[in-house]
Amino acid sequence: MLWILIINKMQKASKRKREVFFSSPVSFKKGESMKTVSFRHVHLKDPILSKIQQLVSDFVIDYQWKIFNGEFGGEVYSPSLDNFRIIAGDKKGSFSGNPFQGGDLAKWLEGACIKLQNNRDAVLEKRVNEVIDVLRRAQQPDGYLGAYYQLKEPGKQFSALWKSHELFFFGHLAEAAIAHHAATGKTSLLEVIERFTSLIDQTFGIDKFEQFDGHPEVEMALMRLYEYTGEKRYLRLAKFFIDVYGNRPSCFGENNVQLSSWNGNDVESALAYMMADKPVREASDIHGHAVRAVYLAAGMADVARETGDADLRQACQRLWESCTGYKQYISGGIGSTRHGEAFGCDYDLPNDRTYQETCAGIGMVYFAFAMLRLAPKAEYADMIERCIYNCILSALSFDGTRFFYVNPLETWPPVHGTDPDFDSVKPVRQKWYKTACCPPNLARFLPTIGGYCCTITNQNLYLHQYMAYEAKLNWQGKDIDLTMEGDYPWQGNIKIRLKIVQPLSGTIFLRIPSWCRGCFTVSVNDESWMASCIDGYLPIKRTWQSGDCISLDLDMTPTAWMAHPQVMADAGKVAIMRGPVLYCAEEMDNGNLLHQLKIMPEQGFDIEQVNICGHVIPGIMAHGVRMNAQWADTGILYSRYSRDEIPCKIHLIPYYAWGNRDQDQPREMRVWLHV
């Protein structure tokens, strides 16, 4: 009955209220609240991301639908939807694939519904309705929904949560249900989620079944359900799963033989892999499976924000510092080993066997944004920007048909793709994967980037991202049209224009990116503005009127970056960035044996326009030398040392753009270059 009342309340809500996605007031400061701004109210117009979003909308969603329906045949196929069709009685057969693959379908469904929020599409809406109908008919009377246990091990649901991903699937399906209701106003998928939630609530809890899913996601999803519906049961369940995560003695059993054999080691290692080796409030460093770790951390931060849990908040900060201070790649990517898709030890950041799973990059954005909602610090918004422009965009080909699961910072085709020690690193993007969590994650994440641009408190408007966009905001009860103009991230000249019906007094906070090293200028209506930054944000406090214009000029000079001395893989090397964009050398522009190049950053850089598959983007030309150039073709394996260097020009392209030219031909690529 309670759920019926909630549904009725939501159906009667205004269209605007349904459009606001992740926008409920949250705990921020005493007497103050913070709101996010729905991606639906932020229309991107920049030279990169707007095109990517259009690609996802026009092509990727449909392309992946065909994969779920087996239209390409062979390995370019996901059994996720067909498994549920079998349960619903629409097909004959048995379970195929992995237990966690239902999450792939749920992610695609969310991406499709996000597209419907922006562009109504009768064909796509019919497909969405078809999937929801299958799921409704596949759901058990008690509310359970999960293809593996319904088809392969009936009656054993929730019996192996360390590996089953059952609540992980629920979480992704719940987020799809929110997107579906926001797009259509229909409650059909939310009703599926409510029945599933009732089963979870009956099963899990203190003095009930005190377990948690070995792959966090349900925590974030429950918090989003709470924000969307206002129903406190979701907050209570999210807090429960955070509270029991990692409790000892292990809720999975200290002598669990299955758990031990599943990890191929021992119970302690298996728990560490899930970052469940100690209660979350005692967490001191980030470790284990990278995606699980940041999904958990994001859920922790969400719960800490809403409950005011200081211990949980401090734990989140420790995890943040452990990740960004010791275990993160310059691209923003995380996960340095294919063994467990996991973090390595501090400073273990190899480039040729890096993992940097695409889902981990997306999870890093979720973690950073959750931390940003706890406290407006520029380091969190910087991280969102770094991940988006580098380790996330690199995963999708310019034509939308190929994907990286692993995002390497260095490739050498004779090894990558042939040596089993490097089998996870592919020198070209793949059409699909047997474990295909990343492609549909891109389809749901990329269209929502506008939602990370700004946040609002009672008196303050925080501008976190500077890609060109038009946004419709409500600040202090007044409607505002905000336009972000410029050619960012290629140019650092940004103009922010306001259109307001009535004047209002408040403070606009501008993020000053750490990469500009304090080299920036700000003016308001052509008058210079100077103030001290607060946690990386420049405050501009005044009475704002329609027509006001803020000009922000950020230094975009290419910069050579070094790694910490303990990062052995990067010793004697530099990486080149221009603004937030990381650059790399590709064989097509520089010839092979890229490891023999030495760059001379002290001689400066020139900007050159590069055409990559119709995308004209700024490249960088640097001066350098090629080592051992005359020896390379002699067939002599070892020789006495002599300095053999020939001056050369080194051509660099944005890292996210590599591998798009001649996609079937593996070629060398390298981010870190010798100096």
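The values are calculated or read from the model by the stated rules, or taken from the named source; none is laboratory data. If you're wondering where the values come from, they're calculated on a predicted model, not measured in any experiment. A quick note on method: Cβ atoms are made from the backbone with ideal geometry, for glycine too, and the neighbour counts reach across all protein chains shown. Surface areas here come from the heavy atoms of the whole protein model, side chains and all, with no ligands, DNA or RNA. Shrake-Rupley method; radii C 1.70, N 1.55, O 1.52, S 1.80 Å.
Working only within region 134-151, note down all residues that are open to solvent by less than 70 Å² (accessible area, probe 1.4 Å) and part of a helix (DSSP H, G or I).
Once the filter is applied, which keeps residues that are open to solvent by less than 70 Å² (accessible area, probe 1.4 Å) and part of a helix (DSSP H, G or I), region 134-151 yields Val134, Leu135, Ala138, Ala147, Tyr148, Tyr149, Gln150, Leu151.
Yes/no matrix, rows are residues, columns are (1) in contact with a strand residue (DSSP E or B) (Cβ under 9 Å, 6 or more places away or on another chain); (2) buried (at least 21 other Cβ atoms within 10 Å of the Cβ); (3) at pLDDT 95 or above:
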residue	(1), (2), (3)
Tyr389	yes, yes, yes
Phe404	yes, yes, yes
Leu442	yes, yes, yes
Phe445	no, yes, yes
Cys453	yes, yes, yes
Gln459	yes, no, no
Met467	yes, yes, yes
Glu470	yes, no, yes
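Could you identify the single residue in Tyr326, Tyr366 that is at pLDDT 95 or above, surrounded by fewer than 24 Cβ atoms within 10 Å (Cβ to Cβ), in contact with a helix residue (DSSP H, G or I) (Cβ under 7 Å, 6 or more places away or on another chain) and not small (Gly, Ala, Ser)?
Tyr366
Can you confirm whether Val675 is free of Cβ contacts under 8 Å to residues at least 60 places away in the same chain and open to solvent by 10 Å² or more (accessible area, probe 1.4 Å)?
No: the conditions fail for Val675.
Quick one: in region 607-623, which of the residues that are of a type in the set (Gly, Ala, Ser) and within 18 Å of Trp561 (Cα to Cα) is surrounded by the fewest Cβ atoms within 10 Å (Cβ to Cβ)?
Looking at residues that are of a type in the set (Gly, Ala, Ser) and within 18 Å of Trp561 (Cα to Cα), I get Gly619.
Any idea which of Tyr537, Tyr583 is open to solvent by less than 60 Å² (accessible area, probe 1.4 Å) and more than 21 Å from Ala378 (Cβ to Cβ)?
Tyr583
Looking at region 595-606, I want the residues that are open to solvent by less than 50 Å² (accessible area, probe 1.4 Å) and have a partner that is among the basic types (Lys, Arg) with Cβ atoms under 7 Å, at least 6 apart or on another chain. Which pairs are those?
Gln596/Arg626; Leu597/Arg626
Before we move on, is Thr543 open to solvent by 60 Å² or more (accessible area, probe 1.4 Å), more than 28 Å from the chain's Cα centre (by Cα) and within 21 Å of Tyr488 (Cα to Cα)?
In short, no.
Give the number of residues within region 487-534 that are open to solvent by 40 Å² or more (accessible area, probe 1.4 Å) and either within 25 Å of the chain's Cα centre (by Cα) or more than 22 Å from Asn458 (Cα to Cα) (or both).
Looking only at that region, the number is 16.
Within region 165-211, can you find the residues that are aromatic (Phe, Trp, Tyr) and under 30 Å from Asp121 (Cα atoms)?
Scanning region 165-211 gives Phe168, Phe169, Phe170, Phe196.
Condition first: charged (D, E, K, R) and free of Cβ contacts under 8 Å to residues at least 40 places away in the same chain. Now tell me which residues in region 286-334 satisfy that.
Passing the criteria: Asp309, Asp311, Arg318, Glu321.
Hey, any hits in region 227-237 for a residue that's open to solvent by 10 Å² or more (accessible area, probe 1.4 Å), free of Cβ contacts under 8 Å to residues at least 60 places away in the same chain and within 21 Å of Trp108 (Cα to Cα)?
no
Could you run through region 485-507 and say how many residues are part of a strand (DSSP E or B) and either without any contact (Cβ under 8 Å) to a residue 60 or more places away in the chain or over 18 Å from Ser523 (Cα atoms) (or both)?
Of the residues in that region, 11 qualify.
Kindly provide the set of residues from region 194-210 that are hydroxyl-bearing (Ser, Thr, Tyr), open to solvent by less than 30 Å² (accessible area, probe 1.4 Å) and either within 27 Å of Gly288 (Cβ to Cβ) or part of a loop (DSSP other than H, G, I, E, B) (or both), ordered by number.
none
Which of the helices (runs of 4 or more DSSP H) contained wholly in region 211-316 include at least 2 residues that are at pLDDT 95 or above and closer than 30 Å to Leu189 by Cα?
Per the criteria, 218-229, 232-244, 290-307.
Only one of these is open to solvent by less than 10 Å² (accessible area, probe 1.4 Å), in a loop (DSSP other than H, G, I, E, B) and either farther than 22 Å from Ser336 by Cβ or not basic (Lys, Arg) (or both): Val415, Val425. Name it.
Val425
Residue by residue, here is whether (1) open to solvent by less than 10 Å² (accessible area, probe 1.4 Å); (2) free of Cβ contacts under 8 Å to residues at least 60 places away in the same chain; (3) more than 24 Å from Asp399 (Cα to Cα); (4) not aromatic (Phe, Trp, Tyr) holds:
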{"residue": "Glu71", "(1), (2), (3), (4)": "no, yes, no, yes"}
{"residue": "Val76", "(1), (2), (3), (4)": "no, no, no, yes"}
{"residue": "Lys91", "(1), (2), (3), (4)": "no, yes, yes, yes"}
{"residue": "Leu105", "(1), (2), (3), (4)": "yes, no, no, yes"}
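Are any of the residues in region 643-653 in contact (Cβ under 8 Å) with a residue 40 or more places away in the chain and within 27 Å of the chain's Cα centre (by Cα)?
Scanning region 643-653 turns up at least one residue that is in contact (Cβ under 8 Å) with a residue 40 or more places away in the chain and within 27 Å of the chain's Cα centre (by Cα).
Take the residues in region 638-667 that are crowded, with 19+ Cβ neighbours inside 10 Å and small (Gly, Ala, Ser); name whichever of them is farthest from Val610 (Cα to Cα).
Out of the qualifying residues, it is Gly659.
Determine whether Ala563 is more than 20 Å from Asn493 (Cβ to Cβ) and in a loop (DSSP other than H, G, I, E, B).
yes
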